[in-house]
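Engineer: Okay, handing you the structure first.
The values are calculated or read from the model by the stated rules, or taken from the named source; none is laboratory data. Keep in mind it's a predicted model, so treat the numbers as computed, not measured. A quick note on method: Cβ atoms are made from the backbone with ideal geometry, for glycine too, and the neighbour counts reach across all protein chains shown. Just the protein is used for accessible areas: all its heavy atoms, side chains included, with ligands, DNA and RNA removed. Shrake-Rupley method; radii C 1.70, N 1.55, O 1.52, S 1.80 Å.
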Amino acid sequence: MKVLITGGAGFIGSHLAERLVERGDEVVALDDLSSGSAENVAHLEAHPGFALVIGSAADASVVETLVERCDTVIHLAAAVGVRLILERPVYAIENNLFATAVVLDAAAKARKAGDTKLVLIASTSEVYGKGSSPPFREDDDLTLGPTRNSRWAYACSKAMDEWLGLAYYREHGVPTIIARFFNTVGPRQTGRYGMVLPNFTQQALDGDPITVFGTGDQSRCFCHVRDVVEAVVRLIATPRAVGEVFNIGSDREISMRGLAELVRDTVSSRSPIKLVPYDEAYADGFEDMLRRVPDTSKLERYIAFRPMTTLEEIVADVIADRRGRMSMGDAEDQFTPSIPPLPARS
Ligand code: UDP
């Protein structure tokens, strides 16, 4: 296969690129290096089946050229991470909406010219919003909060991406699959944008207090990026997945307090666990989700997928990766997103 991965130098994108290149596919990673990095794919650069193009997925001229040369597009490029969304809402909203529109339009043009491309659009469990009765099923209602809270703008932009993908399928025949990723973790994930597991890990390794926001009773389900990549690879090989929406994640639930304890104990760290009120952790008016658990039965039905990596293995893997990076002198930096401007719209 010839695969274009937008966001291919990001955390999930780089793992996916690795997997596809290893099995013999040709992969082009398009990335603006805003939250991804060239180091994530440095080990692939020498591979003849891999190329990194630095550019924006919202840049129609670049995307059209790259889409023409591939048969499958995996659209991962997006502004992600609660902190980034709260601090750069204009960038997050515009980037998420424009880039998806550009990718789908390029696929529609190719199809009109008789060359059909399969498109997988990455979405997020954020779209379930404040839904209060998990496990969430793909057909559940989406319950978003008010527009004055930027967090919901991210959920809403990704929900619009889903609608747009399904609309391009129905109206223009572009075969599109929607993948709603739940909390995905693993080696290479940065804590810079607020994600909890890399933060807890770094704090435990440094012997700093582990900062649990709110009461710590809120829960999440964490899935290893290797398992998420496996689900994506199976989905793009499943013709009846076209036009459908899938949750991808693990259904093993853990509270943030429980996660902090697990990380601390696995590191054998003396870090205290510190509860930080939400209004100190985030901008005013922040709303958290209490529980976020996927119903993964649809994914099981379509691709016989179950995550293989236990939470204990995931935490050990993330700690080992972070230790390795620290021994190479890589200090995890603070939240300093280097966001390139969006290309002009025509
Ligand atoms: N969280 C925390 N400490 C941190 C970072 C995050 O307690 O240093 C909490 C956060 O408030 C949320 C959970 O961990 O309840 C997961 O946060 P993350 O940003 O990783 O993902 P999401 O909220 O999108 O599920």
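Engineer: Condition first: more than 11 Å from the ligand (Cβ to nearest atom), among the hydrophobic types (A, V, I, L, M, F, W, C) and in contact with a Ser or Thr (Cβ under 9 Å, 6 or more places away or on another chain). Can you find one or more residues in region 214-221 that meet it?
Structural biologist: Within region 214-221, none of the residues are more than 11 Å from the ligand (Cβ to nearest atom), among the hydrophobic types (A, V, I, L, M, F, W, C) and in contact with a Ser or Thr (Cβ under 9 Å, 6 or more places away or on another chain).
Engineer: Sticking with this structure for a sec: Is at least one residue of region 226-244 within 16 Å of the ligand (Cβ to nearest atom) and either under 18 Å from E138 (Cβ atoms) or open to solvent by 50 Å² or more (accessible area, probe 1.4 Å) (or both)?
Structural biologist: Yes.
Engineer: Only one of A122, A179, A107 is among the aliphatic types (A, V, I, L, M) and part of a helix (DSSP H, G or I). Can you tell me which?
Structural biologist: Result: A107 is the single residue among A122, A179, A107 that is among the aliphatic types (A, V, I, L, M) and part of a helix (DSSP H, G or I).
Engineer: Which of the residues belonging to region 261-292 are farther than 18 Å from F200 by Cβ, near the ligand (Cβ under 9 Å from one of its atoms) and either at pLDDT 95 or above or touching a Ser or Thr at 6+ places or on another chain (Cβ under 6 Å) (or both)?
Structural biologist: Across region 261-292, there are no qualifying residues.
Engineer: Just for region 109-119: of the residues that are buried (at least 19 other Cβ atoms within 10 Å of the Cβ) and not β-branched (V, I, T), which one is farthest from the ligand (Cβ to nearest atom)?
Structural biologist: Per the criteria, the residue is A110.
Engineer: Out of curiosity, is A153 open to solvent by less than 10 Å² (accessible area, probe 1.4 Å) and hydrophobic (A, V, I, L, M, F, W, C)?
Structural biologist: Against the criterion (open to solvent by less than 10 Å² (accessible area, probe 1.4 Å) and hydrophobic (A, V, I, L, M, F, W, C)), A153 does not qualify.
Engineer: Out of the helices (runs of 4 or more DSSP H) lying entirely within region 1-97, which hold 1 or more residues that are modelled with pLDDT under 95 and buried (at least 20 other Cβ atoms within 10 Å of the Cβ)?
Structural biologist: Hits in region 1-97: 82-87.
Engineer: Only residues that are modelled with pLDDT of 95 or more and either more than 9 Å from the ligand (Cβ to nearest atom) or not in a helix (DSSP H, G or I) (or both): list them for region 190-212, please.
Structural biologist: T201, Q202, A204, L205, D206, G207, D208, P209, I210, T211, V212
Engineer: Of all residues in region 120-156, how many are away from the ligand (no atom under 14 Å from the Cβ) and of a type in the set (S, T, Y)?
Structural biologist: Total meeting the criteria: 4.
Engineer: Just to be sure I understand the filter: pairs with C-beta atoms under 9 Å, separated by 6 or more residues or on different chains, first member in region 73-90 and among the small types (G, A, S) and away from the ligand (no atom under 16 Å from the Cβ), second member modelled with pLDDT of 80 or more and open to solvent by 30 Å² or more (accessible area, probe 1.4 Å). Which pairs pass?
Structural biologist: A77/D32
Engineer: Within region 172-189, track down each residue that is more than 9 Å from the ligand (Cβ to nearest atom), under 19 Å from D330 (Cβ atoms) and within 13 Å of the chain's Cα centre (by Cα).
Structural biologist: G186, R188, Q189
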